[in-house]
1. Cβ-Cβ distance below 7 Å, separation of 6 or more or different chains: which pairs start in region 177-190 with a residue that is farther than 12 Å from Lys53 by Cβ and touching a residue at least 24 places away in the same chain (Cβ under 8 Å) and end on one that is of a type in the set (Phe, Trp, Tyr) and crowded, with 24+ Cβ neighbours inside 10 Å?
2. Run down Ala89, Ala127 and say which single residue is out of contact with any Ser or Thr (no Cβ under 7 Å at 6 or more places or on another chain) and in contact (Cβ under 8 Å) with a residue 12 or more places away in the chain.
3. Residues in region 116-138: is at least one of a type outside the set (Gly, Ala, Ser), within 30 Å of Asp34 (Cβ to Cβ) and at pLDDT 95 or above?
4. Go through region 287-303 and count every residue that is within 23 Å of Phe162 (Cβ to Cβ) and either in a helix (DSSP H, G or I) or at pLDDT 95 or above (or both).
5. Counting just the residues of region 80-134 that are of a type in the set (S, T, N, Q) and farther than 17 Å from Arg144 by Cα, which one comes out nearest to the chain's Cα centre (by Cα)?
6. Which one is surrounded by the fewest Cβ atoms within 10 Å (Cβ to Cβ), of the residues in region 31-85 that are of a type in the set (Val, Ile, Thr) and near the ligand (Cβ under 6 Å from one of its atoms)?
7. Would you say Ile382 is within 11 Å of the ligand (Cβ to nearest atom), within 13 Å of Leu439 (Cβ to Cβ) and either charged (D, E, K, R) or in contact with a Leu (Cβ under 8 Å, 6 or more places away or on another chain) (or both)?
8. Right, Ile220: crowded, with 17+ Cβ neighbours inside 10 Å, over 30 Å from Pro103 (Cβ atoms) and within 14 Å of the ligand (Cβ to nearest atom) or not?
Amino acid sequence: MPAPQTAAPQTAIPLTSASDRGQTAGKPFPTEADVVVIGGGIAGICTALFLAKRGVRVVVCEKGTVAGEQSSRNWGWIRKQSRDPRELALMIEAQRLWHEIVPELDEDIGFKVGGVTYLIENEAEMAKRTPWLDHARAYQLDSRLLDPAEVDAMLGRTDRRFLGAIHTPSDCRAEPWKAVPAIGRLARRWGADIREGTAVRSIERQGGRVAGVVTEHGTIRCSSVVLAGGVWSRPFLENLGLDLPQLGVKSSVLRTTAAKPLSQSTFGALGASIRPREDGGYTVARSGAATFDIIPAAFRHFAAFTPILKRNWRIMTLRFGKPFFDALGQRRWQPDQMSPFEAVRMLHPAPDDPLLDDTLNAARDLFPQMKDTRSAQRWAGIIDVTPDEVPVLGPVDAVPGLFLATGFSGHGFGIGPGTGFVTAQMVMGETPIADVSGLRYARFGG
Ligand SMILES: Cc1cc2nc3c(=O)[nH]c(=O)nc-3n(C[C@H](O)[C@H](O)[C@H](O)COP(=O)(O)OP(=O)(O)OC[C@H]3O[C@@H](n4cnc5c(N)ncnc54)[C@H](O)[C@@H]3O)c2cc1C
């Protein structure tokens, strides 16, 4: 039996060859743009796509590889189900945009409308999950409560183990490690200049407003900057003297060997959540099971995060974090100094093997078709979490020209096209297509 691999999740294919980083396809390094986007994850790449489609000169600066961090490591769920009402309208737009973007891509990204189903195992889960159906009704979603017989029929069981399930047939999935680079190539075809191996160290200001960015390869003059830096957004802002309560938690994932098809749906359950993959296996993980590295910022924001820690205390492991202490803990540097973003090109933490062993056992127990599957590959990612577990979208009032698209708290992949669309609108001074007023930076005093 081959040993399970511990490696990057079929790491996103770089858009640029290693020798060409920062100097894309022989094109000289840009000295001017309308908008610079910091970060080549799904938030930054989708923002660049929608700006480029409108003829805006946009440069994306990515310190490592497009989708090298969270955006290739996630489970690939594209769901409206159980969304916080503050982001539900945006998520509905995001799913509409996925359907528009996918036919324009040069690669099959495994986009499927297979539905999302959360299994309900006890009365406490029933009481926790079902009130959300009121929001679903308000938005006329197709979400509904399945009865035990319907759940058994979906799972191929006969034992009525579950009290029911919440099911949203129109929810989707995709292979994230393929999707984001493919959207990046689409953005390039529309004229976006995407620079891998290009860390942004700081922002230049004139009269208080954005005048450019300082990168490791030189300065790019621009009037607007979108910070879509994932877990790095907090240290970037701190260096500018701005505060963002955002912490990093490690989440581990595995993919299995091929299994008999179960259903087209992804399934969430307490012990294990699974998503069918294009390669015939499943992406498997345990929802909410995370390791929280305690870095200096954690102490400063501890009070803000206490409710999350209390809610998740059963599944969250607290430990003193040495691994990213230096990089994510560094607080001040000058634009002419090497920044933490150059020191760590890609966060690539080791997965939690005991947790994943336990999760796979739970998956085999919950889903009979997975009984004979084995672990084929394991990886982990660092999720950027805000105290209220919804993102920060929109302008920074203290620095005109600076916009944030960050803090997606473990559900930023599915909403990515919506994020990009409304961020492009806000940069252009337009009213966003969906109400995102509940996601403003100002809610944290910024
Ligand atoms: C294990 C796991 C499972 C998840 N499952 C799901 C799911 O099923 N569905 C879902 O919707 N979401 C899921 N998520 C969350 C989702 O992956 C993230 O919310 C989303 O990818 C965030 O995208 P982003 O662009 O904001 O950040 P990232 O993908 O982290 O990208 C930020 C990028 O910015 C770059 N960067 C940062 N600072 C700088 C700088 N100064 N200069 C240049 N570059 C910089 C980084 O290198 C990085 O590539 C999951 C996440 C994880 C880790």
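The values are calculated or read from the model by the stated rules, or taken from the named source; none is laboratory data. It should be emphasised that the depicted structure is a prediction, and the values quoted were computed from it without experimental measurement. Note that each Cβ is placed from the backbone with ideal geometry, even for glycine, and that neighbours are counted across all protein chains shown.
1. That search, which allows pairs on different chains as well, returns nothing.
2. Result: Ala89 is the single residue among Ala89, Ala127 that is out of contact with any Ser or Thr (no Cβ under 7 Å at 6 or more places or on another chain) and in contact (Cβ under 8 Å) with a residue 12 or more places away in the chain.
3. The answer is no, given that none of the residues of region 116-138 is of a type outside the set (Gly, Ala, Ser), within 30 Å of Asp34 (Cβ to Cβ) and at pLDDT 95 or above.
4. Residues in region 287-303 being within 23 Å of Phe162 (Cβ to Cβ) and either in a helix (DSSP H, G or I) or at pLDDT 95 or above (or both): 0 in total.
5. Top of the filtered list is Gln95.
6. Ile38
7. When the stated conditions are applied, Ile382 does not pass them.
8. It is true that Ile220 is crowded, with 17+ Cβ neighbours inside 10 Å, over 30 Å from Pro103 (Cβ atoms) and within 14 Å of the ligand (Cβ to nearest atom).
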